[in-house]
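Note sheet for the following structure.
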Amino acid sequence: MQWLAKRIGQALFTLWAVITLSFVLIRFLPGGPIDYLVVQLRKQGIPESQISNYVRNYVSFQPDQPLWLQYLDYMASVLQGDFGEAYFLDGQVFDILAQALPWTVFLAAIGTFLTTVIGIVVGGFMAYTEGSKFDTGVTLFSTIAGGIPYYILAIGLLYVFAYRLQYFPTGGQVDPELVPGFKWPYIESVLYHAALPILSTTLVGWGGTALSMRGNSISVLGEDYIRIARLRGLPRRRIAIRYVARNAMLPMYTGILLAIAFMLGGSVILEEIFAYPGVGYYLFQGTVSRDYPVMMGGLIMISTAVIIGVLIADLTYSKIDPRAAGEGDRESY
Amino acid sequence: MASQQSDGERVETEIPFRTTAETDVSHREQFLYSVDRLLIAPFRILWADWRARVGFLIILLYVLMGTVGVLVNPVPTAGMDERYLQPFHDGWLTFESVSVLGLHLPLDPVIYLPLGTDALGKGLWSQIVHATPSMLKMIIAGAVFSTVVATILGTLAGYKGGYTDRSIMTLADITMTIPGLPLVIIIAAALQPENPYIIGLILGINNWAGLCRAVRSQVLSVRERNFVEASRAMGLSTPRILVDDIIPDLMSYVSIHFVTAARGIIFESVGLYYLGILPFTTFNWGVMMNLAYTTSGALYTWQSAHWLFIPMITITVLSVGLILFSQGLDRIFNPRVRARHVKSVSSADDDEEQTSPMTTVPTN
Amino acid sequence: MTRVNHSTETMRKRTDRDVILKVRDVSVSFDMDRGESRVLDSVSLDIYRDEILGVVGESGSGKSMFASALLDAVVRPGQLTGEITYYPTEGEEIDLLDLTPAELKRLRWEEISMVFQGAMSSFNPTMKIRQHFEETLDAHQRDREEGLAHARELLSDLYLDPDRILRSYPHELSGGMSQRALIALSLVLEPRVLVMDEPTAALDLLMQRSILTLLENLQDKYNLTIIFITHDLPLVAGLADRLAVMYAFEFAEIGPSEEVIRDAAHPYARSLLKAVPNLDAPLERMRPIAGSAPDPVNVPTGCSYHPRCPLADDECVEVDPGYYDVGENRVAACHHWTKSSEAIPYLVSETDADQGDNVGAIE
């Protein structure tokens, strides 16, 4: 329980750090948002006395107030889900991003899941067949596949399967004519549109997972408890799953955390390439048009998603590794 | 270690009077020994691994491209030839005649725009080559920065422990959680950096945390080991212990991290150029991809596809090279794999292990 | 001085005692680049029902291989040859090296069980101790309820709180606790033979002693035959009924503990005893054995101990000594065993005798 509280505390602390960071970026980046906004507003002929109020609309604080008040103002607004008003897009930043977030999480979750599961299964088989043709072949393949930047693969897939062969759509999340709901045509359309983005992260990502799973499994296979389990006459299946796989998976925890951060962070490039309107897509559009409220909102939104993802991974991990709960204390002495 | 000391002793006993010369020689020997131990010996092992070998050659190729290649190849300008010249077009490779013993033989190869041209008639090969130097600068700035920061912070955290350790680790955890790419995009978009070194620094800003953690746990485990305790008991100073015992053990992590960080920086810089977030002031593979994609619809037409795909292949080959190299490093430094490796290479070590000298019968 | 060329005959003389395991010419070899590595070199030995046999040797002498061989569990690519016969009851006979996989699975743990050193690494770190017992019972089609009841009894016999242990994860137990839990796990299917390979090596002295006491109790209660393998001669001296001293992948001397301790016949066994630290003896009397243990690829010709032996002569270099009868139920592989006590004197330390008594006293 104490461990759980610590983890949640850490997550909240990180969230606070992210919001503070985004405040610092907005407020202090040279040639940054405030100056930019003020110039833009002046150009539009807004009276000087009104400018501060207008700015507040966009970035949730008034630049002529004392710094600490600006900070508290900003913090309070963000925590209430008020990311300000979008500058070029219509509406509140939070509303725009909130409807985009599920799509981004959907892509990232499926991507992480497939990468991890395929990697673990293939890596386990590689360890069991160490030195075989299958093992060396897959090692070579995943090394090279893992070397390709995911956006390069994305462009390649888009070129071949969407533009040339026209098997897949070149953009969008779902056929806009379909009514949303848990009905097959809708789900099918969602999967159809998500196929290429997911394929590009998964194809590039599973190899690394497989290689580390392979290495871990090989070292677990040399452990005393495996030998004793065999002497005790346990079924091979049980040894493979309950002993080898489970223990080999434990050190991959950090890798999974990084995968979550990578999938969500990478959404900026991925969603732009596939014109897939998720948070990353808006963050990119905001960046191109210097729409600072959207940029910062996007950063906070994606970071929050990562923080929650990491927390979920943490909690799951403590279910798999009985030692995890005590680890945090032991490690920092 | 042992042979280093005995070398020094031997010199001293042989030339007992010439104090200055003696230290010179021993320094020189020590230096040569260090070179051998830190550079030549690891390189020899590295060369034995095919991954490391292939990776090293690929990296060497790109380094040559960025140094020698820039001098040999013309700076790309518009209108070098017709637009959309295809790669390996007729006449990309011709042979000029050379007079040999009065005979004119076509022996001198001339390579002319081997990868074709873009929409403005700029040679693609020249563009690829001239993008390399700024890429190398970014890698140097970014990877060196993150490696140095990570090593210092990680060593400090592991060695000092307590409050220092906790705060550094919390900082590292937060850095690891904040998604790097969006952050870098925002900073890059706001600052619009043009200097490749600065771009490298920005891209490396969130790269240090992973290595920092690894270094810390390594320092912790080394700290517990007997020989460090022994050094401490002998009254050696902390920096001395760090330099002699701890830093060498970290070399593996550091070098692997350096390669990984370099890969990350290439990924991100090309990605950012491709997205048009960094200003197009230098040649860059990402810029080529962006222009091919946005100005000539490389995705729709066959005519300009090579403009898009050539930089893509360039990045992929470099990235695969770096990955192979870092895997090679990993196999050398990973003790389990190394043990197997050493055994298969030399049976002399094997002998030594088997016939461990028996001094006294163990009793506990 | 009667010289018997091979052990078989000597052994047969003593079959008035009830044998449970008969080991004949058992070898384990590995093919290596440098040649064949023989890590167990045709050893022969009888193990009697309900005895505690102490197998003593320095590290790398082949004693762990001997332990693995008794369960036909030599790690690949090791080659196990020879003959091991197991007599579950008098009259019944099982050729251990000629079993089908299914029969072998039944034999291991149900008939002959094993405890390794490093109990901490012998449990799956992601499973509770209880699950280890349960899966073992399941794998051998035993009734879970009954089996767990037996497990609880064993744990209590080992002075552990059964409920607490069963619901713990391995990392929650101390070294001594997990070692005892491992002993309980090895006995849960009620085997007749228990092979223990350095079971106390990682523990402190006090814990070692108390585990030995508990072992004696268990042996009494469940009629176990225990093969206790260790590098620590004084540790096992008080516990074992008989001692078998290993050197260079063979047995150098086999005999009743007390007699071997009091006046060992083989020079190596004598040197071992001499090297034992003894608080009473002045420091200069403690002698480490000079030289090093042989390499399994290049075992010296003749008597493998000759390079380190003060008694060695040409005969020792040329002729491999068979077993000489050196007393009742005692054999030693040395041409010059009669001269050994003179050449390598050592004091029968009072402590060794005391240790034996102490163990008895705690009982």
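The values are calculated or read from the model by the stated rules, or taken from the named source; none is laboratory data. Just so it is clear, the structure is predicted and the values come from calculations on it, not from any experiment. Cβ: placed from backbone, ideal geometry, glycine included. Neighbour counts: every protein chain shown. Heads up: the accessible areas ignore ligands, DNA and RNA and are worked out on the full protein's heavy atoms, side chains in. Shrake-Rupley method; radii C 1.70, N 1.55, O 1.52, S 1.80 Å.
Structural remarks
- Filtered residues of the range A:137-176 (kept if open to solvent by less than 30 Å² (accessible area, probe 1.4 Å), assigned to a helix (DSSP H, G or I) and not hydroxyl-bearing (Ser, Thr, Tyr)): A:Val138, A:Ala145, A:Gly146, A:Gly147, A:Ile152, A:Ala154, A:Ile155, A:Gly156, A:Leu157, A:Leu158, A:Ala162
- Qualifying residue in the range C:81-94 (condition: without any contact (Cβ under 8 Å) to a residue 12 or more places away in the chain and closer than 30 Å to C:Glu36 by Cβ): no
- Taking every residue in the range B:140-156 that is over 11 Å from B:Val254 (Cβ atoms) and pairing it with any residue that is of a type in the set (Asp, Glu), at least 6 positions away or on another chain, yields no pair with a Cβ-Cβ distance below 7 Å.
- Within the range C:169-239, helices (runs of 4 or more DSSP H) holding 2 or more residues that are open to solvent by 20 Å² or more (accessible area, probe 1.4 Å): C:175-187, C:205-222
- C:Asn278 fulfils the conditions (1) at pLDDT below 65; (2) within 12 Å of chain B (Cβ to nearest Cβ); (3) surrounded by fewer than 16 Cβ atoms within 10 Å (Cβ to Cβ) except for a single criterion, (3).
- Test: A:Leu258 is in a helix (DSSP H, G or I), open to solvent by 40 Å² or more (accessible area, probe 1.4 Å) and facing chain B (nearest Cβ under 9 Å): yes
- Of the residues examined, A:Ala305 is one that is modelled with pLDDT of 85 or more, small (Gly, Ala, Ser) and open to solvent by less than 30 Å² (accessible area, probe 1.4 Å).
- For the condition at pLDDT 80 or above and assigned to a helix (DSSP H, G or I), B:Ala230 does not qualify.
- Within the range A:261-292, the residues that satisfy the criterion of being among the β-branched types (Val, Ile, Thr) and either open to solvent by less than 40 Å² (accessible area, probe 1.4 Å) or in a loop (DSSP other than H, G, I, E, B) (or both) are A:Val268, A:Ile269, A:Ile273, A:Val279, A:Thr287.
- Only listed residue being under 20 Å from B:Phe267 (Cβ atoms) and open to solvent by less than 40 Å² (accessible area, probe 1.4 Å), chosen from B:Ile178, B:Ile174: B:Ile178
- Selection count where residues are more than 8 Å from chain A (Cβ to nearest Cβ), surrounded by fewer than 23 Cβ atoms within 10 Å (Cβ to Cβ) and under 20 Å from C:Asp197 (Cα atoms), scope the range C:116-136: 2
- Meets criteria (in contact with an Asp or Glu (Cβ under 6 Å, 6 or more places away or on another chain) and over 26 Å from A:Gln285 (Cβ atoms)) for B:Ala150: no
- B:Leu299 in contact with a helix residue (DSSP H, G or I) (Cβ under 7 Å, 6 or more places away or on another chain), open to solvent by less than 40 Å² (accessible area, probe 1.4 Å), within 14 Å of chain A (Cβ to nearest Cβ) and modelled with pLDDT under 70: yes
- Selection of the range C:32-69 for residues being of a type in the set (Lys, Arg), farther than 18 Å from C:Val297 by Cβ and within 14 Å of chain B (Cβ to nearest Cβ) yields only C:Lys63.
- Inter-residue pairs, beta-carbon under 7 Å, first at the interface with chain C (Cβ under 8 Å from one of its Cβ atoms) and in the range A:223-238, second among the charged types (D, E, K, R), 6+ apart: A:Leu231/C:Arg108; A:Gly233/C:Lys105; A:Gly233/C:Arg108; A:Leu234/C:Glu135; A:Arg238/C:Glu135
- Candidate set from the range A:217-241 (those that are in a loop (DSSP other than H, G, I, E, B) and among the small types (Gly, Ala, Ser)); member that is least open to solvent (accessible area, probe 1.4 Å): A:Gly233
- The residue that is most open to solvent (accessible area, probe 1.4 Å), counting only those in the range C:18-45 that are in a strand (DSSP E or B) and over 26 Å from C:Arg76 (Cα atoms), is C:Val19.
- C:Ser113 being buried (at least 19 other Cβ atoms within 10 Å of the Cβ), among the hydroxyl-bearing types (Ser, Thr, Tyr), in contact with a strand residue (DSSP E or B) (Cβ under 9 Å, 6 or more places away or on another chain) and modelled with pLDDT of 85 or more: yes
- Qualifying residue in the range C:296-303 (condition: at pLDDT 85 or above, open to solvent by less than 60 Å² (accessible area, probe 1.4 Å) and closer than 18 Å to C:Phe66 by Cβ): no
- Which numbered condition A:Ile118 fails, given (1) open to solvent by less than 60 Å² (accessible area, probe 1.4 Å); (2) touching a residue at least 40 places away in the same chain (Cβ under 8 Å); (3) hydrophobic (A, V, I, L, M, F, W, C): (1)
Here is a yes/no grid of residues against (1) under 16 Å from C:Met246 (Cβ atoms); (2) surrounded by fewer than 21 Cβ atoms within 10 Å (Cβ to Cβ); (3) not small (Gly, Ala, Ser):
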residue	(1), (2), (3)
C:Gly62	yes, no, no
C:Phe66	yes, no, yes
C:Ala73	no, yes, no
C:Pro77	no, yes, yes
C:Thr81	no, yes, yes
C:Thr89	no, yes, yes
C:Glu92	no, yes, yes
C:Asp98	no, yes, yes
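- Of residues in the range B:71-83 being under 20 Å from B:Thr314 (Cβ atoms) and surrounded by 16 or more Cβ atoms within 10 Å (Cβ to Cβ), the one modelled with the lowest pLDDT: B:Met80
- Taken over the range C:131-150, the criterion of being outside any loop (DSSP other than H, G, I, E, B) and over 14 Å from A:Ala229 (Cα atoms) is satisfied by C:Arg144, C:Glu145, C:Glu146, C:Gly147, C:Leu148, C:Ala149, C:His150.
- Filter result for B:Ile265 (modelled with pLDDT under 85 and more than 9 Å from chain A (Cβ to nearest Cβ)): no
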